[in-house]
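Since the structure comes first, as C-alpha cells, the remarks are kept for the end.
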Amino acid sequence: MLKYILITILSLFGLTLSAQTFTDIRAHLTGLGGSANRWIDFDQDGDSDIVVMGEFYFNKNPEIRTLFYRNDRHNHFTKVKTPVKNLYRGDFDWADYNLDGKPDLFIIGVDKNGKKQALLYENNKRSPNFLFISTGITEFSDGSVMWGDYDGDGDPDLLLTGNTKNGPATKIFRNDRNNHFTDIFAAIPGVKYGTGKWADIDQDGDLDVIISGTESSGKIITSIYLNNNGHFEKIPFDLSNVTLSDIAFADYDLDGDQDFVICGETPTGHIVTRLFQNERNGIFSEKFPGFIGVRTGSVNWGDYDHDGDPDLLITGESINGPVSIIYRNDRNGKFTNIHAGLIGLYLSDGHFGDYDLDGDLDVLISGISKGYGFFTKVYRNDFIVKNISDSTRKPAQETNLDQGIFNYSVKIPPLPKKIYYYVFASCYCDLYGNGKKEYHAFFSPVKKQTVEYQLQRKFNRIIHKKFASWPKINQGEIIENGFVKYSNAIKSKKIAIEAYKTNGFKIHELKW
C-alpha cells in the first residue's frame, strides 16, 4: 500500500466498556514513516512477529529500514538481522509461494540510492536468513503488493501496482512454480500512489481486482475488474476515484458478500473515507457511517470486540491532522468511534492481529505524528485477561478516560502461566460441499496441553476427518484461549459459544 511523502471492544459478548483495557506495551520498536507493516509468524513458532518498512531521520539525515522483530512473548520483541533490503515508499506481502509450508516475502520500494526494487525472498528454515530469489519482475515503488491465487491452481500469484521505469503500472504475475513468474498482461490500467487488492467481488469462486490511484496522465481512478476465466473485465460502475489511497474488504453487514472501504484524496482535493456495500451483480451502494476522511494512511477490518462483525481501524492524514481511529460496527450501517486513544499517524499503516495469543485482536501502527515524530507501536487488547481471566492477576490501574480505552500509560504485570486451554475457529463457508454457504463455529473441549499447539493439531485433524474442505476453508486461523483456572476457561468458552449462537452461527462442539 502506498505511503508517499507529501510536501506541505465497547463490549465483548455483552460485557461493558469499563471492563476493557488497551495498553501501549512500549515495545521499543523503531519508528518509521512512509511505512508499511504486517503481523506475520515468519519463524513459525506460533506467535505473530512484526515486519515494518519505511524511513526516519537521525541527526537530520534520512535512514531507510526494513526491520524484522521476533516475538519473544511476554510483550517483548527482539530485532533480528536479515538480508532483506532496506526500502521505503513501498509495500510487502507474505505467502507460501513455493508451497513448502513457510511464508515467503515479496517487497517493493526505493532503496538508499533512489533505485526502485521488486524483490522475492524465500523463507529459509524458518529463520531470519531469507534467501533472495531472482524473478526478473519489473521494479516498483509508490504502490502495493498482494498475493492471491487468481487462477485457482493452488499457488499464490502476485498483484503489483506502482511506479516503474516506464511509468505507473498494474501487473499480475502468474506463479508458474520453480521460481518462475509470468506477466499475464491483464490490461488493467497502471496506477501509482494507490493500491490494488484481490477479492472475490462477484462470489463466483475466483479472485477479482480493484485498483485506485493516479494514472500516467494524472487522472485519478478507482476501478473493479472481474476475473472471467483469467481475463479481467471492468465493471461499468462509478466508484470513489481517489489517490494516496488504501482499500480493505470485509462482509461488514454479514450478508455473505464482500463490501469494501476506501480512503484517499479525490480529484478535487477532498480527503475521504467511504464505505461501499456490495449489492451483487456488479452493483455497489455507498453508505454514510461518518468515517473521518484520510489520505496517506490505511484501512483494516477486524473484530476487536468479538461480537461477530468486523470493526474498522483507520490511520492517516485528515483535514485536522494525523489520526488513528477504531470504529465499532454497530450493524445496520452504523459505526461508533470508540475514542481508542491511539496515537494519530500519517504516512502510516495499521493492522489488527493477536500477537499475545489471548484470543483478541491487538493493534500495530506505524507512521509520523503531528509533531513530526516517527513511531511504531503495539497496543495490547486486554479485554479477556481483565474480565474472564484468573483472579491471581493484579488489576491494572484506572484508565484515564481522556486517553481512550487504548491507554499507553498503563503498565500491567506479566501474565501468569496458562494451564487450561480451548481453541475455536469460525467460517462463512460451504462446509458440506453442497454449494450453500453458512456460518459455522467449532469449539474444542477445555484441556491441559503437554506441548504447545497440541489442541490446534487435534482440532484440525478431527474436523478434517469429517469435512474434507476444512484445510482450504480454515487457512489455519484458529484462536487459542488460555487460563490458569479451569472454571474461568469454561466460563469464557460458554460466553463465546453464546455470542456465536446469537449471531446465527451453527455451533459444532468437538469431543475428545
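The values are calculated or read from the model by the stated rules, or taken from the named source; none is laboratory data. From a predicted model like this one, the values you see are computed outputs, not experimental measurements. Cβ atoms come from the backbone with ideal geometry, glycine included; neighbour counts cover every protein chain shown. Areas reflect the complete protein model, heavy atoms only, side chains present, ligands, DNA and RNA absent. Shrake-Rupley method; radii C 1.70, N 1.55, O 1.52, S 1.80 Å.
The table below lists the values:
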| quantity | calculated |
| --- | --- |
| Whole-Hz ³J(HN,Hα) from phi, Karplus 6.51 cos²θ - 1.76 cosθ + 1.60, for the stretch 277-282, glycine and proline x | 8, 6, 9, 6, 6, x |
| Amide proton proximity set for residue 344, modelled H, under 5 Å, gap of 5+ | 324 |
| Entries in 79/171; 102/370; 125/466; 197/219; 102/493 that, when Cα-Cα distance is taken, lie over 29 Å | 79/171; 102/370; 125/466; 102/493 |
| Extension gain, residue 176 back to residue 237 (0.36 nm per residue minus Cα-Cα distance, nm) | 18.7 nm |
| Counting DSSP beta bridges with both ends in the chain, the antiparallel % (nearest 5) | 95 percent |
| Förster radius 41 Å - calculated FRET efficiency between residue 370 and residue 122 (Cβ-Cβ, nearest 0.05) | 0.55 |
| Chymotrypsin sites (Phe, Trp or Tyr not before Pro) lying in DSSP loop within the stretch 103-208, provided at most 16 other Cβ fall within 10 Å | 185 |
| Surface accessible to a 1.4 Å probe, residue 237 within the full protein complex, Å² | 50 Å² |
| Accessible area in square angstrom per residue, the stretch 64-132, 1.4 angstrom probe | 45 Å² |
| Computed magnitude of the charge dipole of the stretch 207-322 (debye, nearest 20; Cβ of K, R +1, Cβ of D, E -1) | 620 debye |
| Interchain or long-range residues, amide H under 5 Å from residue 24's placed H | 380, 407, 408, 409, 410 |
| Contour minus Cα-Cα distance for residue 203 and residue 74 (0.36 nm per residue) | 42.3 nm |
| 222 nm mean residue ellipticity, helices alone, for the chain (DSSP H n ≥ 4; -39,500 (n - 2.57); rounded to 500) | -2500 deg cm²/dmol |
| Taking only Cα atoms of the chain, radius of gyration then Dmax in Å | 21.9, 64 |
| Average accessible surface area per residue within the stretch 148-301, 1.4 Å rolling probe, Å² | 38 Å² |
| Disulfide-incompatible cysteines by the Cβ rule (no partner under 4.7 Å) in the chain | 263 |
| Charge-dipole axis of the stretch 142-182 as Lys and Arg at +1 and Asp and Glu at -1 on Cβ define it, positive-most pick from 178, 168, 147 | 168 |
| Lysines with Cα under 24 Å of residue 334, excluding same-chain neighbours fewer than 8 positions away | 287, 501 |
| Dipole magnitude of the chain about its Cα centre (Cβ charges: Lys, Arg +1; Asp, Glu -1), debye to nearest 20 | 1660 debye |
| Whole-number accessible area per residue in Å² for the stretch 310-359, which is evaluated in the context of all protein chains at 1.4 Å | 30 Å² |
| Apportionment of accessible area to carbon and sulfur, the chain, percent (1.4 Å) | 49 percent |
